[in-house]
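Here the structure is laid out as structure tokens; the discussion comes afterwards.
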């Protein structure tokens, strides 16, 4: 049974986290593996998990009836996946699928939410990190929208 | 032998030697007779005038993706089960012209011809096929819109049904509760009895028309012993079914398992060849095609059989919704066994087994249902359509 | 069963043959955007026309080319003129784009069910349209406005890709000028000239003025847009059985007999195209159904 504490401590997402907060996290963490093509989460389902990817690649996608699956962006080694677990209504708005064999640490979102509520210092540390991810995604998304490689130049 | 006049529900005994009289009586009334015949090593439906054109002494051996005719010693008339064709070829023809348009000074004019569909007697309709006709009746003549082409043909049909006394290797009408005894809807129903001493048929009268036709044929009232023998033979067929399908809560089972990995598995085998939909007596998907002649002076619209297995069956601008083989097979099976129940109040399968026989890779609908039942997903939400539709004008 | 003498059935009677089109003539053709146009049709025979409800569609036939289902986007109170807005994306619609005044079209219909205008009596109404999705919803707006007193707040949220893709510009501005109609428009992308909202149409929902407890919502647009719109409406507190969406599927007959338009148990041509969301919620997020 792998001890998840060093794995979490070593993951870029949790860099700088106090040891006491790390121990709280470990209580909510499990090791998970996804085979190539396997869904990590599905649109519409309850978002009760948060993933930090150790190895591999996950694509966040949606689908349209005629175009089929439309990939939106990917998350890989060292990155975090999913914030819907922290923002109401706590449901996934997209599908996520492993492109290749992916190892990650899954954190129980429901458990984490409760811990954030109980200990606001812990909650703030988590919220800071998630907020940074969301901001980065938003900015990247805006630039993607600009379609800089297209005709508008 | 006296010609007796009987009423609905009565059972008569018809000797093999008098069978031709039955066909003659129908012919005299203006009926064209469609019956099983042997052609290209299969039992197909064709127009006949004489009983000698029936598959006398033939039987069949069917399996997953296999069909063979074999000769047998007994000169049975109906010693086989069902072949690649179904009676829908007469009621719902593979191709018809819907209307014609001619260019005019104002633009164009649309016209259609008066229909004069022939009176047809369908001879040798099995219980499963009889039920299939009843189901297609629901689709084409019992909804909000009636298909006049179907109705015109349907009104002119005489049905001579046959109760099966032998079940085929792929038959599962007993599971679907559609046979082997012919249910309601026949004019006359026969049970063939052939032993060392006799070759005759117990004939049950289903309608007044059936009684009228039978009145022209030499036969006598069937005694208790013979009707009991007929019942026994039918009961035996019921126990002898080649396949079974557990239809317990099948609607809910399939709704819960739309994402079952079994669909991926069957998709690896399915070729999308459309054989199953073509041989199925109930499948009714059709396409509408518009044509013009080279000068553009006339245009016409035709209706043709189609299949949900084709790539563009679900095409809307930009692409098809059911792109993968998996989604199409899932659509076919889920429609047939589950959605049909909500749409038309019955299953869309009568257990005739044709789809199993004529699938080039032998995909077996009963096996697929069994596999899904055994690997059923738990905990996924069931699809419900609480109201079938709202806001109907 | 088979009767003795009923052998001839005429199909000339339109009422008995739903596959036979009626002739209509093109009165007016308006190009709305670079690929979208509106046709106004009137019956060639001079008949009174048909009555239809908002949400219904007709099958339109172009001589020798083919037939397509197009929603009716006119005023249901006007029977003689049929208004159809569509994009020129396929063989038939591209042929329609080239039609001239006086050209004839075959019309079959009206088919399908309708938007829940009656069910909206006494309620606030939120209409969310994306792109060409405004076309099938326009008859709803006409009907609501014709009996305005029956409804509470009426809100129209409309999103398009760019300002050049907005449909019915003039009408939108007229509606916006009314005091009893709340109209908000947003585009996904714009150039410097646009001073209005920029962002997906769902961003208009959080601030829209309506009472979620007494609101009925009607949504039409690309499926992805509808999925996110429903989520946002839900977040505002509207129950799933008060949200209606429009589904689109391949149609060949329009009368539930060709099998092409099936969507789960429903035939989109007769059980739809309008669906109360809770009845299809499970299917909506499943792929390739």
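What is the helix-to-structure angle for B:127-141, meaning the angle in degrees between its Cα long axis and the longest Cα principal axis of chain B, kept from 0 to 90 and rounded to the nearest 10?
The answer is roughly 50 degrees.
Given a 10 angstrom Cα cut-off, can you work out which residue in A:101, A:138, A:86 is the most mobile in a GNM of chain A?
A:138
Sort C:253, B:308 so that the residue with the fewest other Cβ atoms within 10 Å of its own Cβ comes first and the one with the most comes last.
Listed from fewest to most nearby Cβ atoms, that is B:308, C:253.
Taking springs between alpha-carbon atoms closer than 10 angstrom, which of C:114, C:191, C:146 fluctuates most in the Gaussian network model of chain C?
C:191
Which of the peptides B:335-341, B:365-371 is most tightly packed, and how do the rest follow, going by the mean number of other Cβ atoms within 10 Å of each residue?
B:335-341, B:365-371
Helix B:325-334 versus the longest principal axis of chain B: what angle, 0 to 90°, nearest 10, using Cα atoms?
Long axis of B:325-334 versus the principal axis of chain B: about 50 degrees.
For peptide B:314-326, how many partner chain Cβ atoms fall within 10 Å of a residue's Cβ, on average?
Details: counts 10, 5, 11, 8, 6, 5, 5, 12, 6, 6, 3, 0, 1.
Mean partner shielding for this stretch: 6.
Okay, which of the range A:12-28 sit inside 19 Å, backbone N to the point 7 Å along the Cα-Cβ direction of residue A:119?
Of the residues in the range A:12-28, A:13-28 have backbone N under 19 Å from the label point off residue A:119.
Would you please give the FRET efficiency between residue B:375 and residue B:236, computed as 1/(1 + (r/R0)^6) with r the Cβ-Cβ distance and R0 = 25 Å, to the nearest 0.05?
For residue B:375 and residue B:236, the calculated efficiency is 0.15.
Hey, fewest Cβ within 10 Å first, where do C:251, B:176, C:213 land in order?
Ordered from fewest to most neighbouring Cβ atoms within 10 Å, C:251, B:176, C:213 come out as C:213, B:176, C:251.
What number, in percent, do you get for the relative contact order of the range B:250-374 if the mean sequence gap of Cα pairs under 8 Å and at least 6 apart is divided by its residue count?
Across the range B:250-374, relative contact order equals 32 percent.
From the helices alone, meaning DSSP H stretches of at least four residues, give me the mean residue ellipticity at 222 nm for the protein assembly as shown, per-run term -39500 (n - 2.57), in deg cm²/dmol to the nearest 500.
Calculated from helices alone, the mean residue ellipticity at 222 nm is -7500 deg cm²/dmol.
Using Cα springs under 10 Å in a Gaussian network model of chain C, which residue among C:55, C:264, C:272 shows the largest mean-square fluctuation?
So, out of C:55, C:264, C:272, the one fluctuating most is C:264.
Fewest first, what order do B:332, B:99 take by the number of other Cβ atoms within 10 Å?
Ranked by crowding around the Cβ, least crowded first: B:99, B:332.
What number, in percent, do you get for the relative contact order of the range C:14-111 if the mean sequence gap of Cα pairs under 8 Å and at least 6 apart is divided by its residue count?
Contact order relative to length: 37 percent.
Give me the distance between the Cα centres of the range B:50-90 and the range C:214-232, rounded to whole Å.
56 Å
Over all residues in A:64-74, what is the mean tally of Cβ atoms on other chains that come within 10 Å of each residue's Cβ?
What the average comes to for A:64-74 is 5.
Take every residue in peptide B:298-306, count the Cβ atoms of other chains within 10 Å of its Cβ, and give the average of those counts.
The mean count of partner-chain Cβ atoms within 10 Å per residue comes to 3.
Roughly what angle does helix B:224-239 make with the longest principal axis of chain B, taking Cα atoms, 0 to 90 degrees, to the nearest 10?
30 degrees
For the protein assembly as shown, what is the percent of antiparallel DSSP beta bridges, rounded to the nearest 5? Before the final figure, lay out the partial values.
Numbers: 109 of 145 bridges.
Of all bridge pairs located within the protein assembly as shown, approximately 75 percent are antiparallel.
A short reminder: the numbers here are calculations on the coordinates, not readings from a lab. Nothing here was measured: the structure is a model prediction, and the numbers come from that model. Note that each Cβ is placed from the backbone with ideal geometry, even for glycine, and that neighbours are counted across all protein chains shown.
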